[in-house]
1. Ser86 accessible area, nearest 10 Å², 1.4 Å probe?
2. At 1.4 Å probe size, put Tyr128, Tyr88 in order of accessible surface, largest to smallest.
3. Which whole-Hz couplings ³J(HN,Hα) result when phi for each residue of segment 131-141 is put into the Karplus expression 6.51 cos²θ - 1.76 cosθ + 1.60, θ = phi - 60°, listed in order with x for Gly and Pro?
4. Can you pull the accessible area of His36 for me, 1.4 Å probe, Å² to the nearest 10?
5. Order the following by accessible area, largest value first: Glu41, Glu134. Probe radius 1.4 Å; ligands, DNA and RNA are ignored.
6. With every protein chain kept in the model, how would you rank Thr100, Thr20 by accessible area, 1.4 Å probe, largest at the top?
7. Report the accessible area of Val136, computed with a 1.4 Å probe over the heavy atoms of all protein chains in place, in Å² rounded to the nearest 10.
8. Mean separation of Cα pairs under 8 Å and 6+ residues apart, divided by the residue count of segment 2-114: what relative contact order is that in percent?
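The values are calculated or read from the model by the stated rules, or taken from the named source; none is laboratory data. Being a predicted model, the structure only gives us computed values, none of them experimental. Positions of Cβ are backbone-derived with ideal geometry, glycine not excepted, and every protein chain shown enters the neighbour counts. All accessible areas refer to the heavy atoms of the entire protein, side chains included, with ligands and DNA or RNA removed. Shrake-Rupley method; radii C 1.70, N 1.55, O 1.52, S 1.80 Å.
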Amino acid sequence: MMTWLAEFWGYADALVEPATLSDSPKLAQLHAASFHSGWSEEEFADLLSQRNTLVHRLRMGRRIIGFIASRFGADEAEILSVAVASGYRGRGLSRELLLTHLGHLAGRGVAKVFLEVEENNQPARRLYQRSGFEIVGRRERYYRQPDGEQLNALIMRRDLS
């Protein structure tokens with residue numbers, strides 16, 4: 001269910017669908033390639049086994065090229081992680097993945113969605129702001145880089161209702 005943008009870029013066959021336990025190795029690989037401290041296969045398997053989590057994969061043919069994971073409770077959710085393989089970024093696929101995921105959260109009764117993003121991660125901030133998220137807070141020195149540098153986190157929120 002991709003939009004004209006995906007078709008324009010030649011990604012009409014990209015699919016957003018629920019991730020499965022057998023996706024854990026690939027999700028861990030994508031996470032490690034996208035973040036300084038990647039989650040393990042076991043962490044993904046645990047996440048996928050929990051009833052209060054929702055994980056979608058972005059698939060192109062048989063290849064998983066992205067994912068989004070969130071945890072929810074009552075009428076709120078927190079997006080835990082979003083990643084798209086580097087060769088597929090900047091093509092509108094992240095936005096499609098995010099908006100599809102938000103639709104599924106709304107279908108589960110979620111009214112408010114929160115996330116944290118590195119303050120200097122401009123591509124992610126643009127994605128979230130263009131998708132209706134607003135900055136509602138800030139955590140000083142929240143993210144620690146491999147070299148010891150500490151970066152601020154922005155807390156963002158979007159109402160789904």
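1. 90
2. Details: Tyr128 20, Tyr88 45 Å².
Solvent-accessible surface, decreasing: Tyr88, Tyr128.
3. Values, residue by residue: 9, x, 7, 10, 6, 10, x, 8, 10, 5, 6 Hz.
4. Near enough 120 Å² of accessible area.
5. Per-residue accessible area, sorted high to low, gives Glu134, Glu41.
6. Ranked list, largest accessible area first: Thr20, Thr100.
7. 80
8. Numbers: 180 pairs, mean separation 28.3, N = 113.
Computed value for segment 2-114: 25 percent relative contact order.
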